[in-house]
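Written out below as structure tokens is the structure these notes cover.
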Amino acid sequence: MTKLQLWKQRVFYGTTDMAGNLIWQMVGLYLLFYYTTVLGISAAFVGTLFLCVRFIDAFDGMFFGFLIDHTHSKYGKARPYFLWFGVPLGILSFLLFFNPSFGGNKVIEMIWISVVYTLFSLIYSGSNTPITAILPSLTDDADERANLASARMVMTNTGTAIIGAITLPMVSFFGGKNQQLGFTIWGAIVGLVIAGCFFLAFLNLRERPIEEENTNEEIKGYLSVKESFKGAFKNKPWVVLTISFIAVQTFWVVRMASGVFYINYVYKRADIVGLFLGMTIFAVPGNLLVPLLSKKFRNRNLMDASLVLFIIGSILMPLGEKSGNLILLFAGNIIGMIAMGAVFTLAFVMIADTVEYARTNLHIEEPGFLSSVPVVGAKIGMGLGGALSGWILTWGGFSSSNKVQSAKALTSININFVWLPIVLAIVIIAILHMYKLNEKEDSVSEKAENSKLKEA
């Protein structure tokens, strides 16, 4: 491929995840706030809704991955799903923030919210599972996979930073004092952008057939459901990575959902909410560092180092609470964002590594099923994180009607934003010590083996 073609592929590949994460960021940052503060629905109900929906759709990513592995179309396996599910995702992104009054009937209102949120979660999986599943068919070069994953996360974090920074100003611009109207109009605009991004990605990305390896064993594809699960759980690096990714998504959802509360009530600086949430852009340096560092270090070691850096950044932020020191707040958040930019980029590269491991070591071809890890992790993390956020706020006695929150309520916000993410990051580091896949040594031995087979 020419350099122009490579960059075109990277840009439109990044467009897919940027589209999905525009609404992911909206949901993570503002949906709990929108439901509880704007619509006046109890935090306990919202937290329970988030968890219940996760029981419904927690593993639908695997279902969509299985469908991708068994899809036959002139457009490829994964690519058609950008069209089939990307446009509906844009529509449901609007409906999440469109709430008819129903004559003031709160029961019907909660039913509406529950139905829309459930449908959104299902369609989100259908549009996002193919993003990771298509990566192995875009290139067979390990370095280019890292470049694609980096481009994906750069565009994602750029988009989510913009969403974080301008959502509340846009809500105010379109709705004035009517926040509900502002969220509805802004949700419609974001929905149109999402649908357009997925459509453009569908038009411009192309899947390449994966060449058969010259090995002694035939690679088995088109597996049954039972065989897919059996093959996945034989893949120990994949199992460890899946558990780790769920934990990552859980603490990240908790942190995102509580960011507005932390700045509003702990630092008492509502004027900097947009600026603080827009600092997601600092994840981009972390995204860009991965392709450079992954050439020298193992991906697992880089993941450990990134999580340690996140912990350091998280510890800095509460140090400035009493004095209102914004330097410590911003410095800690910048460090944390750089670290998480690397974490998420590495996660997608490592997933592709486990797909390659399945082919070369287990002789199993199931990229769609194995690549469902991000969606499964996101869904379970969204459910656990959303539920924990709501329940911890309820435990603290938080009430949006109180202009001044109690000490216990402020403690609950601190737990959500600072301490629970730190604890889970430490747990992930411990789990990753069971991840034994060394992508560099395995790649070298694989090439040597194939070379010997060709000579023979």
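Worth a mention:
- In degrees, nearest ten, helix 373-395 long axis to first principal axis of the chain (Cα): 20 degrees
- In nm, spacing of pseudo-spin labels at Asn204 and His72 (7 Å Cα→C-beta vector): 3.2 nm
- Largest to smallest accessible area among Arg54, Arg208 [probe 1.4 Å]: Arg208, Arg54
- Around the amide H of Ile364, modelled in the peptide plane, lie the amide H atoms of Lys220, Arg359, all under 5 Å away and 5 or more residues distant in sequence or on another chain.
- Short-range pairs are left out: with C-alpha atoms under 8 Å and at least six residues apart, the relative contact order of segment 103-245 is 18 percent.
- Entries in Lys226/Lys295; Lys74/Lys295; Lys322/Lys408; Lys77/Lys296; Lys177/Lys379 that, when Cα-Cα distance is taken, lie over 26 Å: Lys226/Lys295; Lys74/Lys295; Lys77/Lys296; Lys177/Lys379
- Folded to 0 to 90 degrees: helix 106-133 orientation relative to the chain principal axis, Cα: 30 degrees
- Each residue was assigned an accessible area with a 1.4 Å probe, and for Phe199 the value is about 90 Å².
- Acute angle (nearest 10 degrees) that the helix 283-293 long axis makes with the longest principal axis of the chain, alpha-carbon atoms: 20 degrees
- With all protein chains modelled, accessible area of Val193 [1.4 Å, Å²]: 70 Å²
- Segment 44-187, accessible surface, carbon-and-sulfur percent (1.4 angstrom probe): 73 percent
- Ile315 sits with roughly 80 Å² accessible to a 1.4 Å probe, with DNA, RNA and ligands left out of the calculation.
- Positive contributions from Lys and Arg (+1) and negative ones from Asp and Glu (-1), summed over other residues with Cβ under 14 Å from the Cβ of Asn333, come out at +1.
- The residues of the chain present an accessible area of 41 Å² per residue when probed at 1.4 Å with all protein chains retained.
- Structure-derived log10 I(q)/I(0) by the Debye sum over Cα atoms at q = 0.07 Å⁻¹: which label, when the choices are (i) -0.55; (ii) -0.41; (iii) -0.34: (iii)
- Added length on full extension, which subtracts the Cα-Cα distance from 0.36 nm per residue, Trp395 to Tyr222: 57.4 nm
- Entry note, the chain: the mean residue ellipticity at 222 nm calculated from DSSP H runs of n ≥ 4, each adding -39500 (n - 2.57), is -24000 deg cm²/dmol after division by the residues and rounding to the nearest 500.
The values are calculated or read from the model by the stated rules, or taken from the named source; none is laboratory data. Predicted, not measured: the structure shown is a model, and the values here were computed from it. Cβ: placed from backbone, ideal geometry, glycine included. Neighbour counts: every protein chain shown. Side chains are part of the model used for accessible areas, which takes the heavy atoms of the whole protein and leaves out ligands, DNA and RNA. Shrake-Rupley method; radii C 1.70, N 1.55, O 1.52, S 1.80 Å.
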